[in-house]
Amino acid sequence: MNTPRTFARIALAAATLLSAPAFALDAPLAADAHVSSVQPANNFGTLGTLNVGGGSNALLRFDLATLPAGTNAAKLVKASLVLYVNRIGTPGAVEVQAVNGGWTEAAVTAASQSPLAGAGSGITVPVAQAGQFVSVDVTALVKNWITNPGSNFGLALTPALSAPGTVVFLDSKENAQTAHVARLDLTLADQGPKGDTGATGAKGATGATGATGATGATGAQGPQGIQGPAGANGVSGYQRVSVARNIPASFLAAQSASCPNGKRALGGGFQLVSNLTTSQQVNVTPHQSYPSGDSTWTMFVANTNNFPVDINVWVVCATAN
């Protein structure tokens, strides 16, 4: 039977637990990328967004080596994954799963990524609005990483089983516009009592300024170099070539345009063909634009509208003389 004295002891223990000091820190984001089943051989580790949905999954890995020495799982009070929603193609929900194998930001692709814990095994968070942060409690997973450091292969973000059509774009650490990098916020129980602050030592005397050394003699002038070869005569045969492409709704498309034989690519880009409003045009964005060969220019263009759009991909060509 519980007596008043027993209840008093229980209340005292609860008050002691609730008043135990704690402190917070962030685990550094070591790597982030996304992979796409639509382009299984491509690496997207340098892009400014982490794409989830439409065939894409995002990957994150945090460095726990900065935790204080002696930190164990029992000292972790809470771990929260904080993400910034840059844009939304289709609102819904995202599942946070564990990754079960190693990967690197610069090399991971859909064809090479390690297996995930499995759909339905993780934590689901609704994502309904762009321009805001979402937070996910991942305490149990981080406790396991602290106990078994070799199991920390990071997290995967996938469309939730309850909302498979979800398409969202999150900030990566390469995003130079909003720069809301993913965070792993950790709250740790106090690591022990804080010691007294030691006395401030006396300020030492300022040392004397050393003498300025003598200026060295000017060296002899070297011989004149030989004249370099004459430069090339520039380019000729300027020409523009375009290729039409239809991009489905909520899709990241890759399209190349090539120069005729004997000509080289000087630059390139894309042009919207569909008649769109200003807000709809903002949802058609380039992700990569680069020469994929001496005579070919390649564009990666994302359409986050809920309808397809038409574009022309251009390459500017010329003959090198």
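The values are calculated or read from the model by the stated rules, or taken from the named source; none is laboratory data. What you are looking at is a predicted structure, and each value in this text was computed from that prediction instead of being measured. Backbone-built Cβ (ideal geometry, glycine too); neighbour counts: all protein chains shown. Protein only, heavy atoms only, side chains kept; ligands, DNA and RNA dropped before computing areas. Shrake-Rupley method; radii C 1.70, N 1.55, O 1.52, S 1.80 Å.
Observations, loosely collected:
- Remark: pairs (first residue in the stretch 185-201, at pLDDT below 85; second residue of a type in the set (Ser, Thr, Tyr) and surrounded by 10 or more Cβ atoms within 10 Å (Cβ to Cβ); Cβ separation under 8 Å; 6+ apart in sequence or on different chains) = 191/71.
- Identity of the residue in the stretch 58-89, open to solvent by 60 Å² or more (accessible area, probe 1.4 Å) and part of a strand (DSSP E or B), that ends up farthest from residue 156 (Cα to Cα): 77
- Test: residue in the stretch 285-294 that is among the polar types (S, T, N, Q) and either crowded, with 17+ Cβ neighbours inside 10 Å or in contact with a helix residue (DSSP H, G or I) (Cβ under 7 Å, 6 or more places away or on another chain) (or both): no
- In summary, residue 166 fulfils each of the numbered conditions (1) surrounded by fewer than 18 Cβ atoms within 10 Å (Cβ to Cβ); (2) hydroxyl-bearing (Ser, Thr, Tyr); (3) in contact with a strand residue (DSSP E or B) (Cβ under 8 Å, 6 or more places away or on another chain) with the single exception of condition (1).
- Every residue from the stretch 295-321 that is among the hydrophobic types (A, V, I, L, M, F, W, C) and open to solvent by less than 10 Å² (accessible area, probe 1.4 Å): 299, 300, 301, 302, 309, 311, 313, 315, 317, 318
- Residues (hydrophobic (A, V, I, L, M, F, W, C) and surrounded by 15 or more Cβ atoms within 10 Å (Cβ to Cβ)) located in the stretch 146-161: 146, 153, 155, 156, 157, 160
- In the stretch 93-145, the residue that is least open to solvent (accessible area, probe 1.4 Å) out of those that are among the small types (Gly, Ala, Ser) and in contact (Cβ under 8 Å) with a residue 60 or more places away in the chain is 93.
- With respect to being at pLDDT 90 or above and assigned to a loop (DSSP other than H, G, I, E, B), residue 51 falls outside the description.
- Of the criteria (1) open to solvent by less than 50 Å² (accessible area, probe 1.4 Å); (2) modelled with pLDDT under 95; (3) not acidic (Asp, Glu), which one residue 180 fails: (1)
- Residue within the stretch 70-80 that is closer than 30 Å to residue 130 by Cα, modelled with pLDDT of 95 or more and within 16 Å of the chain's Cα centre (by Cα) present: no
- Scanning the stretch 268-321 for residues that are part of a strand (DSSP E or B), hydrophobic (A, V, I, L, M, F, W, C) and under 17 Å from residue 251 (Cα atoms) yields 270, 272, 284, 299, 300, 301, 302, 309, 311, 313.
- If the condition is being under 41 Å from the mean Cα position of the chain (by Cα), at pLDDT below 90 and open to solvent by 60 Å² or more (accessible area, probe 1.4 Å), then the stretch 220-246 contributes only 235.
- Looking at 265, 249, just one residue is part of a strand (DSSP E or B), open to solvent by less than 50 Å² (accessible area, probe 1.4 Å), at pLDDT below 95 and in contact with a Phe, Trp or Tyr (Cβ under 6 Å, 6 or more places away or on another chain), and that residue is 265.
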